[in-house]
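Bear in mind that the values in this text are calculations on the coordinates, not laboratory data. All figures in this text were calculated on a predicted structure; none of them were measured in a lab. Cβ coordinates were reconstructed from backbone atoms using ideal geometry, including for glycine residues, and neighbour counts include every protein chain displayed.
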Amino acid sequence: MSENILTTEGLGKKFGQRWAVKDVNLEVKKGEVFGFLGPNGAGKSTTIRMVLTLLAPTSGTIKIFDNEVRRDRASVLSRVCGIVEKPDFYLYLSAYKNLEVLGSLTRKVTRAEILDALEIVGLQTRAKDKVKTFSHGMKQRLGIAQAILTKPDLVIMDEPTSGLDPQGMKEVRDLVLRLSRESGTTIFLSSHLLTEVQAVATRMAVLNHGELIAQGKVTDLLNGDSSYYSISASPQERAVEILREQPWIEVVSVANEVDIQVDASRVSEVNRLLVTNGIEVSSLAAKRTLEDYFLKITEGASEL
């Protein structure tokens, strides 16, 4: 069996004369948190709806667990859970009863499984409360409880932190990491919140105008052609003085580390410069935020 949990080949969707998604080839590997990024209108939700068979593709194929989704729909989707936009519940029922009813759509779930799912998302003390009394963040967490209730191998989340406050975002982020690390669940996470994706994703893909413009390990993509670097050096004050004396080096900030901007071809010169001046360099690493990378490649693609 392939290590890929989800694969799309030449996937496309056309509405009238416009391609909303065109020739998208994704590879999502077992056990990873896969970030799916793109500006609004890039085609992310359309792609997810095709993967979940909520929308028929115009072209291409989708395979999950090495099975063609549209051909083996029932068997494949029984091992998949998708949270598209905001989860919906029976507001007049309790959290426990909602999970009992919704879980039974896939298979009979036990009381222990329901309580365990509620405990994982921190809602065990609200199990008997009606969902209509829940905040937006609590409903999002209940949606994740529903997703993990039947122990799926693949969880697809479309904007799971939408509308949440910072604490709610952190709770969802921690849940995603816990699912991945403790259960080995593969997470496909679509979001426009770049810092959230950078905090949890191991690999990612970027969609722009319906076309895939980047895919790979997050660290590789961010550091591939970075001009920003962080340096841990001692004594730091003297290191900063030496760096600022060089017209080809820009010292961007100084905190626990020294952040600089320099041409990638001259990074080895930076290290040599410091060492030959008696500075102990403990680390020199490329540094670029996902926002920097995202803006660069999407703006570049827009100019093509």
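How big, in percent, is the set of alpha carbon pairs in the chain lying more than 32 Å apart?
Counting pairs separated by more than 32 Å, the tail of P(r) holds 39 percent.
In terms of modelled amide H atoms, which long-range or inter-chain residues lie less than 5 Å from the amide H of VAL252?
Counting only residues 5 or more places away or on other chains, the set is ASP259, ILE260, GLN261.
From the residues LEU102, ILE148, PHE15, which one has its Cα farthest along the dipole of the chain in the positive direction, the dipole being from +1 and -1 charges on Cβ of Lys/Arg and Asp/Glu about the Cα centre?
The residue sitting most towards the positive pole is LEU102.
Rounded to the nearest 5, what is the percent of antiparallel bridges among the DSSP beta bridges in the chain?
65 percent
Counting only residues 5 or more places away or on other chains, whose amide H sits under 5 Å from the amide H of VAL33 once H atoms are built in the peptide plane?
Amide H neighbours of VAL33: ILE187, THR202, ARG203.
How big is the shadow of the Cα convex hull of region 44-147, averaged over all directions, in nm²?
Average of the hull's projected areas for region 44-147 equals 7.3 nm².
Per residue and in cubic angstrom, what volume does the convex hull of the Cα atoms of region 227-287 have?
Spelled out: Cα convex hull of region 227-287, divided by residues, is 68 Å³.
Short version: ³J(HN,Hα) in whole Hz for each residue of region 48-63, in order, from phi by Karplus 6.51 cos²θ - 1.76 cosθ + 1.60 (θ = phi - 60°), x for Gly and Pro, what are they?
Once θ is set to phi - 60°, the couplings for region 48-63 become 5, 5, 5, 4, 8, 6, 7, 9, 7, x, 7, 8, x, 10, 10, 10 Hz.
With respect to the cross-link table entries LYS63/LYS151; LYS29/LYS287; LYS132/LYS170; LYS86/LYS128; LYS14/LYS132; LYS44/LYS97, which display a Cα-Cα separation exceeding 29 Å?
Check vs 29 Å cut-off fails for LYS14/LYS132; LYS44/LYS97.
Based on the mean of other Cβ atoms within 10 Å per residue, sort peptides 237-247, 141-151, 166-176 so the most packed one is first.
Going by the mean number of other Cβ atoms within 10 Å, highest first, we get 141-151, 166-176, 237-247.
Whole angstrom only: what separates the Cα centroid of region 153-195 from the Cα centroid of region 44-78?
21 Å
Helix 111-120 versus the longest principal axis of the chain: what is the Cα-based angle in degrees, 0 to 90, to the nearest 10?
It works out to around 20 degrees.
State to the nearest 20 debye the size of the charge dipole of region 4-222 about its Cα centre, where the only charges are +1 on K and R beta carbons and -1 on D and E beta carbons.
520 debye
As an exercise, identify the trypsin sites (Lys or Arg not before Pro) in region 27-136 lying in DSSP coil whose Cβ has no more than 14 other Cβ atoms within 10 Å.
For trypsin sites (Lys or Arg not before Pro) across region 27-136 that sit outside H, G, I, E and B with at most 14 neighbouring Cβ atoms in 10 Å, the list reads ARG70, ARG71, ARG107, LYS108, LYS128.
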